Amino acid sequence: MDATLGIGRIGARFPEPKPPVINHAPVTLNSIAIDRSVVGSVNTGYISSLEINMSGIQQVNSDGADKIKEFAEAVLKEDRLGKIQKEEIIQQLNYLVEQFKVPAEKRSMAVIKSVGTGIIGLINFSASLVALWGPVKALLGI
């Protein structure tokens, strides 16, 4: 319209918005697989952060990283956990994995034990999650 009237360009031009990406197949963020049924039940930003923190563990202890991955995927697939509980567990697990990268003498063990107790409180209804949590707990030194 500006060019038709001979005024020249007055305002900014904005690019046309791109349509949202909808995944119809399972999504894998490096190592943690998120199936279609799980995508809406947790914020993938927390998963991405957990992935980044796990990459450090993968180099040091690949078996431990696999145990953490297995636990995280089981939490995401658990139907009896709500979205908020899943996000809490993933956030707490992310914190524990971050602390694993800190030298042992600099870790705040009281907070780590408290976070570990919080995870147990959220998963204690599921024997399979508690069984998967055991090796992760031992790995993280809780």
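Scan region 64-81 for residues that are free of Cβ contacts under 8 Å to residues at least 40 places away in the same chain and either surrounded by fewer than 16 Cβ atoms within 10 Å (Cβ to Cβ) or farther than 17 Å from Ile142 by Cα (or both) and the total you get is 3. Residues that are surrounded by fewer than 19 Cβ atoms within 10 Å (Cβ to Cβ), under 14 Å from Lys67 (Cα atoms) and aliphatic (A, V, I, L, M) within region 97-138 comprise Val130, Ala131, Ala138, listed in sequence order. Within region 98-109, is there a residue that is within 21 Å of Ser49 (Cβ to Cβ), acidic (Asp, Glu) and not in a helix (DSSP H, G or I)? Among the residues of region 98-109, not one is within 21 Å of Ser49 (Cβ to Cβ), acidic (Asp, Glu) and not in a helix (DSSP H, G or I), which makes the answer no.
Remark: Glu73 falls outside the filter, which requires a residue to be out of contact with any strand residue (DSSP E or B) (no Cβ under 9 Å at 6 or more places or on another chain), in a helix (DSSP H, G or I) and either charged (D, E, K, R) or modelled with pLDDT under 90 (or both). Counting only residues that are part of a loop (DSSP other than H, G, I, E, B) and not aromatic (Phe, Trp, Tyr), region 110-142 holds 4 of them.
The values are calculated or read from the model by the stated rules, or taken from the named source; none is laboratory data. Worth saying up front: this structure is predicted, and the values here are computed from it rather than measured. So basically every Cβ, Gly included, is an ideal-geometry build from the backbone, and we count neighbours across all protein chains shown.
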